[in-house]
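Heads up, the thing below is written out as structure tokens.
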Amino acid sequence: MEKDSIEDRIKKIIGEVFKKNPKEISRKTRFIEDLRAKSIDVIALLAALSGEFKIVIPASEIQGNQTVGQAIDYIKKKLSS
């Protein structure tokens, strides 16, 4: 699995959850300020990412990820461990 394809897949899922074009989502995109994330959005995102990558993502761990880039790095780390 290539790292770039992982990043693209994550951006696509984020785009679907937040109804944004994945091309408009960058590593610097902030969940709260830019995507206006609510708790229900975070739950939907966790479910979608967990399903896509077949990993468990505890809500407590993902809360520290304020940007898309931080979330991408977190998921890549989970996949490599």
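Each value in this text was obtained by applying a stated rule to the coordinates, not by laboratory testing. These numbers come from a predicted model, not from an experiment. No Cβ is skipped: glycine too gets one built from the backbone with ideal geometry, and neighbour counts run over all protein chains shown.
Pairs of Cα atoms nearer than 8 Å and 6+ residues apart set the relative contact order; for the chain it is 35 percent.
Arranged by the count of other C-beta atoms within 10 angstrom, fewest first, what order do ILE57, ILE43, ILE14 take? Present the calculation step by step, with values, prior to reporting the outcome.
Working: ILE57 18, ILE43 12, ILE14 23.
Placing the least packed residue first, the sequence is ILE43, ILE57, ILE14.
Extension gain, ALA47 to GLN70, is 6.5 nm, computed as 0.36 nm per intervening residue step minus the present C-alpha separation.
Which order do ILE72, ILE62 fall in if you start with the one that has the fewest other Cβ atoms within 10 Å?
Details: ILE72 20, ILE62 17.
The most exposed by this proxy come first: ILE62, ILE72.
Any chance you could list the semi-axes, whole Å, largest first, of the equivalent ellipsoid that the Cα gyration tensor gives for the chain, using √(5λ)? Can you show the working numbers first?
Working: eigenvalues 59, 43, 27 Å².
One finds semi-axes of 17, 15, 12 Å for the chain.
Sorted from fewest to most neighbouring beta carbons within 10 Å, what does the list LEU45, LEU35 look like?
Details: LEU45 22, LEU35 19.
By the 10 Å Cβ count, ascending, the order reads LEU35, LEU45.
The phi torsions of the range 5-10, fed into the Karplus equation with coefficients 6.51, -1.76 and 1.60 and a -60° offset, translate into couplings of 5, 5, 4, 4, 5, 5 Hz, rounded to whole numbers, with Gly and Pro shown as x. Applying a DSSP loop filter and a limit of 14 other Cβ atoms within 10 Å to the trypsin sites (Lys or Arg not before Pro) in the range 1-67 leaves LYS19, ARG27, LYS28, ARG36, LYS38, LYS54. Computed extension gain for ASP8 through SER39, at 0.36 nm per residue and net of the alpha carbon distance, reaches 8.8 nm. The GluC sites (Glu not before Pro) of the range 28-72 that meet both conditions, a loop assignment by DSSP and at most 16 other Cβ atoms within 10 Å of the site Cβ, are GLU33.
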